[in-house]
Structure formats: structure tokens, C-alpha cells
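Reading through the C-alpha cells given below for one structure.
The values are calculated or read from the model by the stated rules, or taken from the named source; none is laboratory data. Just so it is clear, the structure is predicted and the values come from calculations on it, not from any experiment. Cβ placement follows ideal geometry from the backbone for every residue including glycine, while neighbour counts extend to all protein chains displayed. Remember, those area values only see protein heavy atoms, side chains included, never the ligands or the DNA or RNA. Shrake-Rupley method; radii C 1.70, N 1.55, O 1.52, S 1.80 Å.
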Amino acid sequence: VAYGDRVRLQGVNLQKPQSATNPGAFDMRNFLYNQGYFAQVSIRNPEQITLAGSGAGNPLVRLAETIKSNILMTIKKTLPFPESSFLGGVLLGLRSGLSTEIKDTFRAAGVSHVLAVSGLHVTIITLFFMGILNLLRLPRTSCFVIIICALILFTLITGARPSTVRAAIMNSVTLLFFYYRGIKLDRSFLLGISVAALFILGRNPRLLTEASFLFSFSAVLSLALLTRPIHDLCCRYLRGFFRI
């Protein structure tokens, strides 16, 4: 079953997701509701799924899924397990192939966030394409269009999570205002965060209550507001370390 396929399910019952059993515990039902999922089914054997058609869906998403499958296949052919599953988690945000031992090791070390595709990955993609396109001496307009297309594809390939969407929009708006409108970088940064928040909440306002949304935007907003004052303060009192 691939993206765009229409399927018919037989012998299954729609069930509501399980809610939190203890006060203050993780609420799976509320989490799935905020993502737009309101019911779930359990598939016990392949005979319960019948392919009813294919070719539906968004062509751009289908292209992203094809690229994702090709990248994953290349990783599996060139790297042994568990290195292949680790690279798939870091590059594509796929954790399903990771063993329980690896997940527990990363969780115990406090670095589980490495396996989640976030704004850092999007920024690396942006800087990578900026460097390559600058070496090719392409016009700024062409560079901007290519970078935006690359960010859109990467966002779709990794599942369009709120943190990735936020970073993609923020990088795009920052590049637009900083390079093509001459607005200062810190102000362009704040404009990018605002546009990203409006876009994400406009599509799904329920995400406002999600911890991932709040922590992601709070962290980036803190960096945007505090980086320059802290840098100026350090330059004043620690000139030997921070003065350029």
C-alpha cells in the first residue's frame, strides 16, 4: 500500500484512541485528535485489506514519497543494520526501523532528539544549497526559488511535522526579507517566526496546545530575542573571547 492508494477494509471495527488512564499522563486520544486522527483500526492479517484503486492524492506529495523510498532503498543497500536504521532516523525521521535497544540507549543518554527531524536539519539544508548555488554564481532570484523548492520537498519527505514546517517557512521568509529586502537579520528572523506560526495554526489551531509546538516556537523565539543582547554583553565584558 503506497501513498494515493484507495483501500477497502473488511472485518475491522473503528475504535476511539485510548485516553489517559492517569491524571497528567500522556493522552493518546488528545494527541491524535490534535493531529487530525479521530479513530483507529487494528489489522490482523493482509486479507483484511483490499486495494480499490491508486493514483489519488497530491502529485507533489507523491513525488516526495518516491524520493523518500529511493533514498531509503539506497541506505539499506549501502549500509548494514543498525547503521542503516540510524541514518534513516536522522535523515528521514524514520524511527520504525530502530531497535528497542538503540532507542533506549539514546533515551538514557538524553539525545533522543537527534533522531527527530527538526529545524536544525532544515537550516543545514538551506546553508548547503546556499553554498552550492553561490559557487555556481547563479542569480539571487534563481537561488531563492531553488532553495524554496528544496525545502518544500524535504518537508514533505520527512512527514511535514510542525517543527519542520516551522523551520522551512522561517528560513524561506528570513531569506526573502534579509537578502532581497535588506531587512536586518534579527528582524527578518522574527518575521519568519510570525509567518510560520500563523500558517501552522491556520491549518490546524489544535496544535497550539501541543507541547512540541510550544517548545519549538519558544526555543526559536528565545534565540531570536536573546542572542544579540547576550552577544553584546559578552563583547563588552569578555572581549578576548567574543570580539571578532
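Put Leu185, Leu14 in order of accessible area, highest first, and with a 1.4 Å probe you get Leu14, Leu185. Computed from point charges on the beta carbon alone (+1 for Lys and Arg, -1 for Asp and Glu), the dipole magnitude for region 118-244 about its Cα centre is near 300 Debye. Each Lys or Arg adds one and each Asp or Glu takes one away; over the other residues whose Cβ falls under 13 Å from the Cβ of Ala224, this sums to +3.
Find which of Val145, Leu208, Val7 sits farthest along the positive direction of the dipole of the chain, computed with +1 on the beta-carbon of Lys and Arg, -1 on that of Asp and Glu, about the Cα centre. The one lying farthest along the dipole's positive direction is Val145. Residue-wise HN-Hα couplings along region 161-172, as the Karplus relation 6.51 cos²θ - 1.76 cosθ + 1.60 with θ = phi - 60° gives them from phi, are 6, x, 5, 6, 4, 4, 5, 5, 5, 5, 5, 5 Hz; Gly and Pro carry x.
Taking a sphere under 15 Å around the Cβ of Gly131 and counting the other residues whose Cβ falls inside, with K and R at +1 and D and E at -1, yields a net charge of +2. Counted by Cβ distance under 13 Å from Leu191, the other residues give a net charge of +2, where Lys and Arg count +1 and Asp and Glu count -1.
Compute the label zone of Ile71 within region 141-164: residues whose backbone N is under 20 Å from the point 7 Å along Cα-to-Cβ. Correct set: 144-164. Once the C-beta distance of Tyr237 and Val111 is scaled by a Förster radius of 25 Å, the resulting FRET efficiency is 0.20 to the nearest 0.05. Which stretch or stretches of region 79-98 have amide N atoms under 20 Å from the point lying 7 Å from Tyr37's Cα along the Cα→Cβ direction? Inside the label zone: 89-90, 92-98. Our coupling estimate for region 5-12, obtained by passing each phi through the Karplus curve with A = 6.51, B = -1.76, C = 1.60 and θ = phi - 60°, is 6, 9, 10, 10, 9, 10, x, 10 Hz, Gly and Pro reported as x.
Comparing mean-square fluctuations of Ala64, Ala160, Ala108 from a GNM of the chain with C-alpha springs under 10 Å, the top value falls on Ala108. Each peptide among 114-121, 5-12, 66-73 gets the average number of other Cβ atoms lying within 10 Å of its residues, and from highest to lowest they stand as 114-121, 66-73, 5-12. Which of rounded, prolate or oblate describes region 1-68 when judged by the alpha-carbon gyration tensor and an a/c cut-off of 1.5? Note, shape of region 1-68 comes out oblate. Magnitude of the charge dipole for the chain, about its Cα centre and with charges confined to Cβ atoms of Lys, Arg (+1) and Asp, Glu (-1), is about 560 debye.
I need the shape label for region 113-200. Rule: rounded when a/c is under 1.5, else prolate if a/b > b/c, else oblate, with a, b, c from the alpha carbon gyration tensor.
Since a/c reaches 1.5 but b/c is at least a/b, the shape of region 113-200 is classed as oblate.
Mind putting a number on the dipole of region 150-208 about its Cα centre? Charges go on the C-beta only, +1 for Lys and Arg and -1 for Asp and Glu, and I need it in Debye to the nearest 20.
Using only the charged Cβ atoms, the result is roughly 100 debye.
Is the C-alpha gyration tensor of region 56-148 telling us rounded, prolate or oblate? Criteria: a/c under 1.5 is rounded; beyond that, a/b larger than b/c is prolate, otherwise oblate. Spell out each step's value before the answer.
Working: a/c = 2.31, a/b = 1.66, b/c = 1.39.
Verdict is prolate for region 56-148.
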